[in-house]
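What follows is a single structure, written as structure tokens, with notes after it.
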Ligand SMILES: Nc1ncnc2c1ncn2[C@@H]1O[C@H](COP(=O)(O)OP(=O)(O)OP(=O)(O)O)[C@@H](O)[C@H]1O
Ligand SMILES: [Mg+2]
């Protein structure tokens, strides 16, 4: 298919079969995963434009851009504060407000991100770093914790070596944080040194999100402003335009809209297209078939059957005019590769990260709690001491504001751990002992032999009303012989359980439950509540129940 200069053949208009060529500019392609044909479209456009393209495989084994040449990832470290700020925004998922000063401080004098991390860690170790600034540094530290080791361990290419056709940088092994940094480096490289090169950003919603800076977004913004003059184009691939940065979308002149079925998604897509560009109606988008896209630029909105690179002109035209139908010849991307799946994976990873953070938060809450307990205990002791010195009784008590004294002294007790006042109140001692005793009981249960565990499990599970069950019955229930060594072993196991108090044995009657009663007795001295007894009981049952059935 011949094409006018500055344009590229896209396919054939649905219905008429007229060839459709679109301007070679920045472009966005969108549409439902696997049902639109976005990657197939981009592949075909790159092949026919004879531009070079670089794209990214963000997931191991990703199936798109099959014929592409794999190239080594190029990465250049930057440490200017704007860059560090974008890292922080990317990891926090929100726009920075007033944290600049701290970031500028963290970037000062750094030659690489490891230096930045060292600055951050130094700041964290400083007792003056508290509150918001500590938060900022913690988040930065967590991000750098991920990327600094990867920067050190991956073999980076010092240059971006692009061949004709599609070049794919495999980022599948890298953490998303690091993927951001590599895509950013690549975009900057193309902007600074290449001509006639397309950068395809997959999953644009992920890398160029609305409302906050990410390392990729920062680079994409300058690329989109300056790239076109050198025929360097940014092509965005995204199943939904909703989450993508609007300022970038506003600068995209060419739109390929594939099928979308969700009314809100369609609305978002249409809303994001600049008003100056012609657009189809929402209902028309919902009715598109695989390979059909509305090609929108300027005053055009042409329903086009996109010609894949592997389909002849005649066949593509026949499909567009309804005279033939193409069954996809390429293997479908594996389900694990489609964007939807990747999005879910990402959500899962996010959820995991959040869980980890809450765990950490929980941990520090526990610590804070312990510190508060210490302070409270200190206050109590202090009150007692004061009580001894200060005369009690009407009139005098009013003149001495005991609370105020306690408060003043408490002010001098550091809130951070390791203060000079060490108090071990009886209450705490009691709890400590109770904890130790509980642990001992659970450990004893854990150490039981498999047969003992089975017997205990059976007694707890069967003789629920506290009745006796005979050793013969236990033996039968466990599928054991009622004579010989097997019988003797069972007797021994029962006796040992009884010695621990985990079961009770009575002559001629058999065995009955005693576990909970025993735990209650063991913990009685520590004033354990019924709930605390129950908790230990459940832990023991858990130990016993997790014994693999043999
Ligand atoms: N124009 C077309 N004609 C015929 N088959 C097509 C066309 N476009 C895509 N297909 C087929 O449809 C399937 C999905 O295509 P593709 O991978 O391009 O979709 P996608 O929109 O990029 O999906 P995802 O969002 O999951 O990346 C593939 O099997 C592909 O060969
Ligand atoms: Mg795709």
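The values are calculated or read from the model by the stated rules, or taken from the named source; none is laboratory data. Note that the structure is a prediction, hence the values are computed from the model and not measured. Cβ: placed from backbone, ideal geometry, glycine included. Neighbour counts: every protein chain shown.
Just the residues that are in contact with a helix residue (DSSP H, G or I) (Cβ under 7 Å, 6 or more places away or on another chain), part of a loop (DSSP other than H, G, I, E, B) and closer than 30 Å to residue 88 by Cβ, please, taken from the stretch 242-268.
242, 243, 245, 251 - these are the residues of the stretch 242-268 that are in contact with a helix residue (DSSP H, G or I) (Cβ under 7 Å, 6 or more places away or on another chain), part of a loop (DSSP other than H, G, I, E, B) and closer than 30 Å to residue 88 by Cβ.
Per-residue answers, yes or no, for (1) without any contact (Cβ under 8 Å) to a residue 12 or more places away in the chain; (2) surrounded by 12 or more Cβ atoms within 10 Å (Cβ to Cβ); (3) in contact with a helix residue (DSSP H, G or I) (Cβ under 9 Å, 6 or more places away or on another chain):
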position: 486; (1), (2), (3): yes, yes, yes
position: 496; (1), (2), (3): no, yes, yes
position: 507; (1), (2), (3): yes, no, no
position: 519; (1), (2), (3): no, yes, yes
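Within the stretch 174-195, is even one residue surrounded by fewer than 16 Cβ atoms within 10 Å (Cβ to Cβ), in the same structural domain as residue 306 (by TED's automatic domain parsing) and closer than 20 Å to residue 57 by Cβ?
Restricting attention to the stretch 174-195, the residues satisfying the condition of being surrounded by fewer than 16 Cβ atoms within 10 Å (Cβ to Cβ) are 175, 192-193, 195.
After this cut, where a residue has to be in the same structural domain as residue 306 (by TED's automatic domain parsing) as well, the list is 175, 192-193, 195.
Filter once more, keeping what is closer than 20 Å to residue 57 by Cβ: 175.
Yes; the residues of the stretch 174-195 include at least one that is surrounded by fewer than 16 Cβ atoms within 10 Å (Cβ to Cβ), in the same structural domain as residue 306 (by TED's automatic domain parsing) and closer than 20 Å to residue 57 by Cβ.
Among the candidates 263, 278, 301, which residue alone is away from ligand 1 (no atom under 16 Å from the Cβ), modelled with pLDDT of 90 or more, within 36 Å of the chain's Cα centre (by Cα) and surrounded by fewer than 22 Cβ atoms within 10 Å (Cβ to Cβ)?
None of the others qualify; the one that does is 263.
Please work out if residue 511 is free of Cβ contacts under 8 Å to residues at least 24 places away in the same chain, touching a strand residue (DSSP E or B) at 6+ places or on another chain (Cβ under 8 Å) and outside any helix (DSSP H, G or I). Can you show your working first?
Numbers: free of Cβ contacts under 8 Å to residues at least 24 places away in the same chain: no; touching a strand residue (DSSP E or B) at 6+ places or on another chain (Cβ under 8 Å): yes; outside any helix (DSSP H, G or I): yes.
Considered against the rule, which asks whether it is free of Cβ contacts under 8 Å to residues at least 24 places away in the same chain, touching a strand residue (DSSP E or B) at 6+ places or on another chain (Cβ under 8 Å) and outside any helix (DSSP H, G or I), residue 511 comes out as no.
Limited to the stretch 199-241, what total is found for residues that are closer than 17 Å to residue 58 by Cβ, in contact with a strand residue (DSSP E or B) (Cβ under 8 Å, 6 or more places away or on another chain) and not in a helix (DSSP H, G or I)?
Our first condition is that a residue be closer than 17 Å to residue 58 by Cβ; within the stretch 199-241, this holds for 199-209, 214-217, 219-220, 234-240.
Filter once more, so that each one left must be in contact with a strand residue (DSSP E or B) (Cβ under 8 Å, 6 or more places away or on another chain): 199-205, 207-209, 216-217, 220, 234-240.
Restricting the remaining residues to those that are not in a helix (DSSP H, G or I) gives 199-203, 208-209, 234-240.
Residues that pass the stated criteria total 14.
Considering (1) more than 12 Å from residue 452 (Cα to Cα); (2) free of Cβ contacts under 8 Å to residues at least 60 places away in the same chain, say which one residue 527 fails and leave the rest.
Here residue 527 meets the rest and fails (2).
Among (1) within 16 Å of ligand 2 (Cβ to nearest atom); (2) assigned to a loop (DSSP other than H, G, I, E, B), where does residue 195 come up short?
(1)
Given the structure, is residue 205 touching a residue at least 12 places away in the same chain (Cβ under 8 Å), closer than 13 Å to residue 26 by Cβ and either crowded, with 24+ Cβ neighbours inside 10 Å or within 28 Å of the chain's Cα centre (by Cα) (or both)? Can you show your working first?
On the way: touching a residue at least 12 places away in the same chain (Cβ under 8 Å): yes; closer than 13 Å to residue 26 by Cβ: no; either crowded, with 24+ Cβ neighbours inside 10 Å or within 28 Å of the chain's Cα centre (by Cα) (or both): yes.
No: the conditions fail for residue 205.
For the stretch 1-120, list the helices (runs of 4 or more DSSP H) that sit wholly inside it and hold at least 3 residues that are buried (at least 23 other Cβ atoms within 10 Å of the Cβ), without any contact (Cβ under 8 Å) to a residue 24 or more places away in the chain and more than 13 Å from ligand 1 (Cβ to nearest atom); which are they?
Details: elements: 38-49, 81-92, 100-107.
Output list is empty.
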